[in-house]
1. Given the criterion assigned to a helix (DSSP H, G or I), over 19 Å from PHE160 (Cα atoms), within 16 Å of the ligand (Cβ to nearest atom) and modelled with pLDDT of 95 or more, identify the matching residue among ALA72, ALA101, ALA112.
2. Just one of the numbered conditions (1) more than 11 Å from the ligand (Cβ to nearest atom); (2) at pLDDT 90 or above; (3) open to solvent by less than 50 Å² (accessible area, probe 1.4 Å) is not true of LYS154; which one?
3. Check off (1) under 27 Å from VAL138 (Cα atoms); (2) without any contact (Cβ under 8 Å) to a residue 60 or more places away in the chain; (3) out of contact with any Gly (no Cβ under 6 Å at 6 or more places or on another chain); (4) buried (at least 17 other Cβ atoms within 10 Å of the Cβ) for ALA101 and give me the number that stays unchecked.
4. Can you tell me which residue among PRO122, PRO62 is within 13 Å of the ligand (Cβ to nearest atom) and surrounded by fewer than 16 Cβ atoms within 10 Å (Cβ to Cβ)?
5. Just the residues that are within 14 Å of the chain's Cα centre (by Cα) and of a type in the set (S, T, N, Q), please, taken from the stretch 95-138.
6. Which one of these does SER117 not meet: (1) open to solvent by less than 70 Å² (accessible area, probe 1.4 Å); (2) in contact with a Gly (Cβ under 9 Å, 6 or more places away or on another chain)?
7. Collect the residues in the stretch 36-65 that are part of a strand (DSSP E or B) and of a type in the set (Val, Ile, Thr), keeping them in residue-number order.
8. Looking at the stretch 141-186, which of its residues are acidic (Asp, Glu) and touching a strand residue (DSSP E or B) at 6+ places or on another chain (Cβ under 7 Å)?
Amino acid sequence: MDLQNKVAIITGASSGIGAAIAADLDQAGMKLVLTARSQQKLADLAAQLGNAVVVPGEITDPDLPQQLLDTAINKFGQLDVVINNAGIMHMMAIEDADVDALCTMIRVNFEAIVRMSYTVLPHFKQQGSGFIVNMSSVSGLKTGVMTGVYDGTKHAVEAFTDSIRMELAGSGVSVATIEPGAVATDLYKSWRERGQKGYDELVPNPLQSKDVARCVRFILEQPAGVMVPRLFVVPATSPV
Ligand SMILES: NC(=O)c1ccc[n+]([C@@H]2O[C@H](COP(=O)([O-])OP(=O)(O)OC[C@H]3O[C@@H](n4cnc5c(N)ncnc54)[C@H](OP(=O)(O)O)[C@@H]3O)[C@@H](O)[C@H]2O)c1
């Protein structure tokens, strides 16, 4: 896809990987609809970009996907790409489990992607084009100790995406996942602070958010007839 003047929605755009994807797609000449809860962070980011609007919101709000689609159409006249990136990570031993926090994570990491997809896919099918990239993780491919529910949300993202990829084959609409290993963001920092002592020794050089953004752009910029449905990217030193 030639990204120039195309329109993308990016969720979780207020920090980390989402903000880096916004900067990269802006460089490619795209017009952007940015969402997350932190209104000020979104406004600060949009002010640095060429053509971006912000729609602050809670990603689990069932009305948000339609609001984002309407904003893309009303402001820019079209929608071409959705980057489902918003996510959180709770890791806890089963005896310490805060089941409500875990279920909220399921809604943020998985239910929100399902809702967004079911809102934009009819629009994409009707126009005969469109691309959804879902942020998975190395946790979508394997599991670890105390991360069962997080891993489960990312495995669910993998299953859902691969299923609709096959369902949509030949429609002109594409879906893909990306599976990053450790990336130096707020999520990664809080994970280490909450118990992954020793992770610095295991992965001394995590990816940077812009490394993941470059991979997202690689997926989107493949020529017609070429599809990268899954892109697994880890730090060169990662033993995981
Ligand atoms: N960092 C890693 O090592 C790593 C590795 C693999 C995959 N990932 C995935 O990458 C994605 C981005 O994470 P990150 O590492 O960039 O972390 P981050 O810097 O904490 O970014 C998370 C983003 O999600 C948004 N978000 C969280 N909860 C939300 C909610 N309830 N409603 C709306 N927006 C919400 C946050 O914005 P607000 O707080 O402003 O709402 C923020 O923009 C996640 O899906 C994560 O699972 C991360």
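1. One residue alone meets the criteria, ALA101.
2. Going through (1) more than 11 Å from the ligand (Cβ to nearest atom); (2) at pLDDT 90 or above; (3) open to solvent by less than 50 Å² (accessible area, probe 1.4 Å) one by one, LYS154 breaks only (1).
3. (4)
4. PRO62
5. ASN109, SER117, ASN134, SER136, SER137
6. Of (1) open to solvent by less than 70 Å² (accessible area, probe 1.4 Å); (2) in contact with a Gly (Cβ under 9 Å, 6 or more places away or on another chain), only one is false for SER117: (2).
7. VAL53, VAL54
8. Correct list: GLU158, GLU179.
The values are calculated or read from the model by the stated rules, or taken from the named source; none is laboratory data. Note that the structure is predicted; figures quoted are calculated from it, not measured. Glycine gets a Cβ as well: all are built from the backbone with ideal geometry, and neighbour counts include every protein chain shown. Areas reflect the complete protein model, heavy atoms only, side chains present, ligands, DNA and RNA absent. Shrake-Rupley method; radii C 1.70, N 1.55, O 1.52, S 1.80 Å.
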